[in-house]
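Structure first, commentary second.
The values are calculated or read from the model by the stated rules, or taken from the named source; none is laboratory data. Not measured: the values here are computed from a predicted model. Neighbour counts run over all protein chains shown; Cβ positions are idealised from the backbone, glycine included. These area figures cover heavy atoms from the full protein model, side chains too; ligands, DNA and RNA do not enter into them. Shrake-Rupley method; radii C 1.70, N 1.55, O 1.52, S 1.80 Å.
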Amino acid sequence: MILAAFTVDWYAARAAGVVAYLLLSSSVALGLLLAGKQHFERWPRFALEDVHRFAGLLGGFFVALHVLLIGIDSQAHLGLGGLIVPFASDYRPLWTGLGIVAAELLAALAVTNHYRKRLPHIVWRRLHYLNLAVWLAATAHGLDAGTDSGSGWFLALYAVAGGSVALLAARRFSHARTRTPRSAPRRPELSGREA
């Protein structure tokens, strides 16, 4: 019976972490796709924005579930400090710490999203770009702290998610550079007497 409880805790924590990563990857990919203000013929923009938000919220729920399940896992022995203080864990401190930083930054960004309409748009948008940092830290956490990090299916999942986000980020930021810059205000020409 004890072995069965250990197995359930362990599998549930792993599954919650993988599902959280897939949802966060989907949300980041959709966010990068939507950031360019591109028109999509087959999907209304509001529908994609709703899916983007829902994937982010659901991803946050599964991150919280992942942390909770690791906290009650009888074999993890992390304790409260190891779950909320970055880099304090005895188990792979760097990689576990990156996961904690990602989770806490995600929670802070969720608060800014909640107050989005009260913040200046440029502030919210710049803060929102930190979701890429959350995703990068979560990727490193999963690859190096995850117990499945050596299995083929896991590496394939991370390769597809990482490749998708990398391509969309390259597309997004290359479009930002190729846009025509706003022209500087013209100075009035000076006549010969004023020069």
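Looking at V51, V67, just one residue is closer than 16 Å to A138 by Cβ and not aromatic (F, W, Y), and that residue is V67.
Within the stretch 125-144, the set of residues being of a type in the set (D, E, K, R) and either under 12 Å from L105 (Cβ atoms) or touching a residue at least 40 places away in the same chain (Cβ under 8 Å) (or both) comprises just one member, D144. Candidates in the stretch 123-154 are the residues that are over 16 Å from A20 (Cβ atoms) and assigned to a loop (DSSP other than H, G, I, E, B); of these, the one that is modelled with the lowest pLDDT is G150. Checking V19, V28, V63 one by one, the residue that is in a helix (DSSP H, G or I) and open to solvent by 50 Å² or more (accessible area, probe 1.4 Å) is V19 and no other. When each of L68, L57, L48, L33 is tested for being open to solvent by 60 Å² or more (accessible area, probe 1.4 Å), within 28 Å of F173 (Cα to Cα) and among the aliphatic types (A, V, I, L, M), the lone residue that passes is L57.
Could you please find all residues in the stretch 28-48 being over 17 Å from the mean Cα position of the chain (by Cα) and in contact (Cβ under 8 Å) with a residue 40 or more places away in the chain? Within the stretch 28-48, G36 is the sole residue that qualifies.
Number of residues in the stretch 71-98 that are charged (D, E, K, R) and open to solvent by 90 Å² or more (accessible area, probe 1.4 Å) equals 2. The condition of being touching a residue at least 40 places away in the same chain (Cβ under 8 Å), of a type outside the set (D, E) and more than 24 Å from R125 (Cβ to Cβ) holds for G17.
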